[in-house]
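Accompanying notes for the structure given below.
The values are calculated or read from the model by the stated rules, or taken from the named source; none is laboratory data. Computed from a prediction, not measured in an experiment: that's the story for all the values here. Neighbour counts run over all protein chains shown; Cβ positions are idealised from the backbone, glycine included. Note: areas computed on protein heavy atoms with side chains; ligands, DNA, RNA excluded. Shrake-Rupley method; radii C 1.70, N 1.55, O 1.52, S 1.80 Å.
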Amino acid sequence: MRSLAAILCVCGLLLVSTLTAEASCVYNAPISHGFSYFECADFKPVANLAYQADDPTGATSGTLDIACEQSTCSSQQSAGVWGDSNVVIGFDWSSVGTVGCPGDLGPGSVMHRVVIVVQGTDGRGLVATIGRGRRDISYQVEAAHRLKAPDGTVYPLPCTDQAGQPRVLSRVEPSPGLVTLNLHFDPPLVYSDCDPGTRGALLGTCTDGFVADPHVGRVLTRIQPCLQPDIRRTLWTDTGLAPDADGNLTLTVQRPWGALAEQCLYVGSTAYIGGYESGAIIGFVRVPGTACPDADGDGWSTCEGDCADNQPTVYPGHPEICDLLDNDCDGLVDEGQTTCGVGACQRTVANCNIGVPQACVPGSPSPEVCDGIDNDCNGLVDEVDPDGDGYRCAYDCDETNPSIHVGAPEVCNGLDDNCNGRIDDDHLGVDYDGDGVRNVCDNCEELANPDQIDSDHDGQGDACDLDDGLLPLTITDWEAWQPDTVYSSFNLYRGDLDVLRNTGVYTQDPAADPLALRACSIYGSQFLDSLLPPPGKGLFFLVTGNCDMTESSLGTDSRGITRPNTFPCPQTDTHNCPACDAKATHVMHGEGRNRPDGYSVIDNAADWLVFCSQVGAGSSCSTLVDFSHEVAIVVGLSGTDLCYDVAISCVQAIYGTTNLHVVVQQIVPGPGCGCVPAISEAWDVVKVERPVGAVTFETQQVPRDCRNL
């Protein structure tokens, strides 16, 4: 292996190159970590610089310190404390001290790729580059981080030897004040948001197809203070030297002396990244001045921060050990803690006690209980299920009730069944209509009805039940009532309260009493009535509905007696609702009298199975009946009379009861034929919601003429 040798003399002069740069960004141009960090040694301030990738010296972070080593200098808590290797980037290119502008949030701005260089205090370094993707968002440093999970969380980026100081193969002092360095340079590792598996690839910030293709550049030097050097390339002096093909270079330099004797000579290199020479020095070694002794030979001089030059185990970055010394030169002696165990067993002890190392012993586990603590110290919290409902404590707000857990249906019981922090609620909230009744208990949850009256016991309150036959009435300038769908039209009666008291007549004759009104067959649910009662008089109003050419009742009075309808409206409404035939024989649910032979009203599973066994295969028995809230009305005629067939005409709900009308068709043989032999059995079934009212039957004769068959 060959190497290049050169002698470089820096005779007490500080050579500084200068250039004129453009102004910094006019509008905000933030570049920052949002939630992660760089993992770089930070027991002293780290060297750092950001620059525009295709304009490395014209747009840089300049004199601005863009790295935060502790949380007190940034809102990012991930910055941690000195010495924890958590370094967060955070600055705005519009701030004082920056040079040029890679692009900002202003209108029409063109965004350029930037490169961030960090050199940790242990000699390891990091190079990351990020694009912008969109002009209306800030540069996100996490874009160059590798993804940890699909949700966008990332791993921290580590400083490595590949982007740090050149490797020192040998270092000798051939004569006082001179140092010969045999160095090896490698191209830096560059993290990019264009790399597969990065957050940038997920967010689409790589829009330029960037390829780093790093190469070692020139070797430069600079004399400056030994702590937190300025790595802007424009401040360094070109040696005119470059490593050989193997990356090796030997050079002899003079230690700073005279007025600069307490400073350090830095030897570092640039790198070509994406085809441009870096605007920052990528890795360097220090040569301390002649007034910077290293008496203990630990490689750290007093100028470089060695706080005890007579102790080889004391210098910046040395691990803290229990020896009553400040080994890492952070101003603290034998600091540090060790944590062991998990959950309730976790313990934390100081590493040292008066110079004696301390052992960390976890606590003893206990049986797991539902208290938000990992009692048994297995890394899981509340993983038990005391009530055996399949939901452990974390998903169960009441382990004494197996019906209560996350995802359970909310029922009206005054309990938080689904563990969402609310009682008897649903998708509309707790009390949507504000009537004081919680939603799952409210039989009209979108219409206030604190009384919860449900006359037909169908689970829907009268205030919102449009098929119970009830007609709540509101009196204003307009008389308005509930538009119950049972009826196709309505009748409005107005009466004189004095006449009612004297005669008991509710529907009064308008021809005999000027205060009476009879408005019939109203197709709607309101009526304009501007009549005001004379002084000393009172008016009352009643509404009825029309259905199947029949008018509903006027309801009951305070004694529960049906109000008489003395002068009813004429039934001229032919739009029946629903279209049922006239009533015939009536059979009440559960009663056996007046029921024609072969008819059944079944209200239990046992009778249902008996019927199913009689009608044979292919019947409607395959349709299950839930007898908890249904009954089955069965019309079944035996095969003794083959001239019958069965049809279900309609199911009609009136005043909270369900009325069923059944039509039985009787075939009347005509000339040339008898009954159709194919009809060996005639039956039909309908399921009706409870409660069941009247079941009506009707026989229709259907003549048959078989002469042309």
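Can you pull out the residues in the stretch 23-53 that are among the β-branched types (V, I, T), part of a loop (DSSP other than H, G, I, E, B) and open to solvent by less than 10 Å² (accessible area, probe 1.4 Å)? Please lay out each step first, then the result.
Residues of the stretch 23-53 among the β-branched types (V, I, T): 26, 31, 46.
Still in the running and part of a loop (DSSP other than H, G, I, E, B): 26, 46.
The one that is among the β-branched types (V, I, T), part of a loop (DSSP other than H, G, I, E, B) and open to solvent by less than 10 Å² (accessible area, probe 1.4 Å): V46.
Please work out which one of (1) more than 30 Å from C307 (Cβ to Cβ); (2) polar (S, T, N, Q); (3) open to solvent by less than 70 Å² (accessible area, probe 1.4 Å); (4) more than 29 Å from the chain's Cα centre (by Cα) is the condition T207 fails and give its number.
(3)
Suppose the filter is open to solvent by 70 Å² or more (accessible area, probe 1.4 Å), modelled with pLDDT of 90 or more and not basic (K, R); does Y395 pass it? Walk me through it before giving the result.
Values: open to solvent by 70 Å² or more (accessible area, probe 1.4 Å): yes; modelled with pLDDT of 90 or more: no; not basic (K, R): yes.
Taking the combined requirement at face value, the residue does not satisfy it.
Among the residues of the stretch 181-204, how many are among the polar types (S, T, N, Q) and open to solvent by 30 Å² or more (accessible area, probe 1.4 Å)? Working first, answer last.
We begin by selecting, within the stretch 181-204, every residue among the polar types (S, T, N, Q); these are 182, 192, 198.
Cutting the leftovers down to open to solvent by 30 Å² or more (accessible area, probe 1.4 Å) gives us 182.
Qualifying residue count for the region: 1.
For the stretch 329-371, give me the residue count where each residue is more than 37 Å from the chain's Cα centre (by Cα), part of a loop (DSSP other than H, G, I, E, B) and polar (S, T, N, Q).
3
At positive phi and buried (at least 18 other Cβ atoms within 10 Å of the Cβ) - does that describe any residue in the stretch 462-470?
Restricting attention to the stretch 462-470, the residues satisfying the condition of being at positive phi are 469.
Restricting the remaining residues to those that are buried (at least 18 other Cβ atoms within 10 Å of the Cβ) gives 469.
For the stretch 462-470, residues at positive phi and buried (at least 18 other Cβ atoms within 10 Å of the Cβ): present.
Among all residue pairs at least 6 apart or on different chains, which show Cβ distances below 7 Å where the first residue, located in the stretch 174-191, is under 15 Å from A271 (Cβ atoms) and the second is among the small types (G, A, S) and crowded, with 19+ Cβ neighbours inside 10 Å?
Correct list of pairs: F185/S269; P187/A271; P188/A163; P188/A271; L189/A163; V190/A212; Y191/A128; Y191/A144.
Only residues in the stretch 454-482 that are farther than 21 Å from D433 by Cα and without any contact (Cβ under 8 Å) to a residue 40 or more places away in the chain count as the first member; pair them with residues that are of a type outside the set (K, R) and in a loop (DSSP other than H, G, I, E, B), Cβ under 9 angstrom, at least 6 apart or cross-chain, and list the lot.
none
Which residue is modelled with the lowest pLDDT, if the candidates are limited to the stretch 482-505 and must be surrounded by fewer than 17 Cβ atoms within 10 Å (Cβ to Cβ) and part of a loop (DSSP other than H, G, I, E, B)?
So, considering only residues that are surrounded by fewer than 17 Cβ atoms within 10 Å (Cβ to Cβ) and part of a loop (DSSP other than H, G, I, E, B), the one modelled with the lowest pLDDT is T485.
Only residues that are β-branched (V, I, T) and in contact (Cβ under 8 Å) with a residue 60 or more places away in the chain: list them for the stretch 483-526, please. Reasoning before the result, please.
So in the stretch 483-526, the residues β-branched (V, I, T) come out as 485-486, 499, 503, 505, 507, 522.
Scanning the stretch 483-526 gives T485, V486, V505, T507.
Taking the stretch 344-389 as the region of interest, how many residues are open to solvent by 40 Å² or more (accessible area, probe 1.4 Å) and not aliphatic (A, V, I, L, M)?
Residues in the stretch 344-389 being open to solvent by 40 Å² or more (accessible area, probe 1.4 Å) and not aliphatic (A, V, I, L, M): 22 in total.
Results for (1) more than 17 Å from L470 (Cβ to Cβ); (2) touching a strand residue (DSSP E or B) at 6+ places or on another chain (Cβ under 9 Å), shown as yes or no for each residue.
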position: P510; (1), (2): yes, yes
position: P535; (1), (2): yes, no
position: N546; (1), (2): no, yes
position: L554; (1), (2): no, yes
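Filter the stretch 67-99 for residues that are modelled with pLDDT of 80 or more, surrounded by fewer than 21 Cβ atoms within 10 Å (Cβ to Cβ), farther than 21 Å from H318 by Cα and in contact with a Phe, Trp or Tyr (Cβ under 8 Å, 6 or more places away or on another chain) and give the result.
S94
Looking at the stretch 154-167, is at least one residue farther than 26 Å from R232 by Cα, open to solvent by 40 Å² or more (accessible area, probe 1.4 Å) and not hydroxyl-bearing (S, T, Y)?
Within the stretch 154-167, the subset farther than 26 Å from R232 by Cα is 154-155.
Within this subset, residues satisfying the condition of being open to solvent by 40 Å² or more (accessible area, probe 1.4 Å) are 155.
Imposing the further condition that a residue be not hydroxyl-bearing (S, T, Y) reduces the set to none.
No, the conditions are met nowhere in the stretch 154-167.
So F541 passes all but one of these: (1) within 60 Å of the chain's Cα centre (by Cα); (2) assigned to a loop (DSSP other than H, G, I, E, B). Which condition number does it fail?
Evaluating F541 over (1) within 60 Å of the chain's Cα centre (by Cα); (2) assigned to a loop (DSSP other than H, G, I, E, B) leaves (2) as the failure.
How many of the residues making up the stretch 139-153 are open to solvent by 10 Å² or more (accessible area, probe 1.4 Å) and either of a type in the set (G, A, S) or farther than 28 Å from G106 by Cα (or both)? Write out each step before concluding.
Pass one, the stretch 139-153, residues open to solvent by 10 Å² or more (accessible area, probe 1.4 Å): 140, 146-151, 153.
Add one more test, that the residue is either of a type in the set (G, A, S) or farther than 28 Å from G106 by Cα (or both), and what stays is 146-151, 153.
The qualifying residues number 7.
Test Q508 against the stated conditions and say whether it is more than 30 Å from E446 (Cα to Cα) and surrounded by 13 or more Cβ atoms within 10 Å (Cβ to Cβ).
Details: more than 30 Å from E446 (Cα to Cα): yes; surrounded by 13 or more Cβ atoms within 10 Å (Cβ to Cβ): yes.
In short, yes.
Between G434, G429, which is surrounded by fewer than 18 Cβ atoms within 10 Å (Cβ to Cβ) and in contact (Cβ under 8 Å) with a residue 12 or more places away in the chain?
Values: G429 fails: in contact (Cβ under 8 Å) with a residue 12 or more places away in the chain.
So the residue among G434, G429 that is surrounded by fewer than 18 Cβ atoms within 10 Å (Cβ to Cβ) and in contact (Cβ under 8 Å) with a residue 12 or more places away in the chain is G434.
Is it fair to say A50 is of a type in the set (G, A, S), in contact with a Cys (Cβ under 8 Å, 6 or more places away or on another chain) and either within 14 Å of R232 (Cβ to Cβ) or at pLDDT below 85 (or both)?
On the way: of a type in the set (G, A, S): yes; in contact with a Cys (Cβ under 8 Å, 6 or more places away or on another chain): no; either within 14 Å of R232 (Cβ to Cβ) or at pLDDT below 85 (or both): yes.
It is false that A50 is of a type in the set (G, A, S), in contact with a Cys (Cβ under 8 Å, 6 or more places away or on another chain) and either within 14 Å of R232 (Cβ to Cβ) or at pLDDT below 85 (or both).
Check whether at least one residue in the stretch 554-561 is surrounded by 19 or more Cβ atoms within 10 Å (Cβ to Cβ) and either charged (D, E, K, R) or out of contact with any Lys or Arg (no Cβ under 9 Å at 6 or more places or on another chain) (or both), and report yes or no.
no
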